[in-house]
1. In a helix (DSSP H, G or I), outside the structural domain of ARG191 (by TED's automatic domain parsing) and under 19 Å from GLY193 (Cα atoms), is that true of LEU80?
2. Restricting the stretch 160-206 to residues that are β-branched (Val, Ile, Thr) and either in the same structural domain as GLN103 (by TED's automatic domain parsing) or surrounded by fewer than 15 Cβ atoms within 10 Å (Cβ to Cβ) (or both), which is nearest to the chain's Cα centre (by Cα)?
Amino acid sequence: MNDHTALPEEHVPTPDETIESLLPSDIEAAAARPAAELEVEPSAEELGLELPDNPKDAQDLLLRELTEARQESGEYLETLQRLAADFDNYRKRVDRDHSENVQRASQRVIESLLPALDSLDAALAYEPQTTGEEKMLDGMRGTHAQLLELLSAEELEPIAALGFPFDPAVHEAVTVLGEGDGELVVTQELRKGYVMRDRLIRPSLVIVDHA
């Protein structure tokens, strides 16, 4: 038999021993501390405070600083709220002005169409004498209806006049028939009046008589 010299048994490090050998001593110490001890809090010097040595005076100083900080934060909040309210009012005013500008522009366009509408109204009041005139009037009635539909979409509405009591707010009397103290009633409408979005565009020209 061949004799073999026994070799010393090699030590194999455990996983914990391996990690500990790779960690510096300061990291090991930090790892052993509780997590709460690792949180870094600003010092009084870093906050710009110079605390007196007397604990009572230091406490009073901190309370004053806290009170002033709360007061300043409240003032900042009030300023922000005031700015937000001012901006909201400004936005509402801009929206209102824009809406009014659009309405005025729309009103100017509609007012420019009223003479054409008056001409159609006058033409449709004509009694046709021939078949050709009747056909022409039928075409004009269609155009008149389309125009009224278009204007109605813009909230233009004719003012009720014929047979209604005279209303000086929307009626303009060019002639008053008869005498007496009775109620004035519209007996003839010379020109239609219109309102648009509850705003008077023009009054109706009417002839009135006492009821």
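The values are calculated or read from the model by the stated rules, or taken from the named source; none is laboratory data. The structure displayed is predicted, hence computed values, not measured ones. Every residue, glycine as well, gets a Cβ built from its backbone with ideal geometry; the counts of neighbours run over all protein chains shown.
1. Numbers: in a helix (DSSP H, G or I): yes; outside the structural domain of ARG191 (by TED's automatic domain parsing): yes; under 19 Å from GLY193 (Cα atoms): no.
It is false that LEU80 is in a helix (DSSP H, G or I), outside the structural domain of ARG191 (by TED's automatic domain parsing) and under 19 Å from GLY193 (Cα atoms).
2. Restricting to residues being β-branched (Val, Ile, Thr) and either in the same structural domain as GLN103 (by TED's automatic domain parsing) or surrounded by fewer than 15 Cβ atoms within 10 Å (Cβ to Cβ) (or both), the top hit is VAL174.
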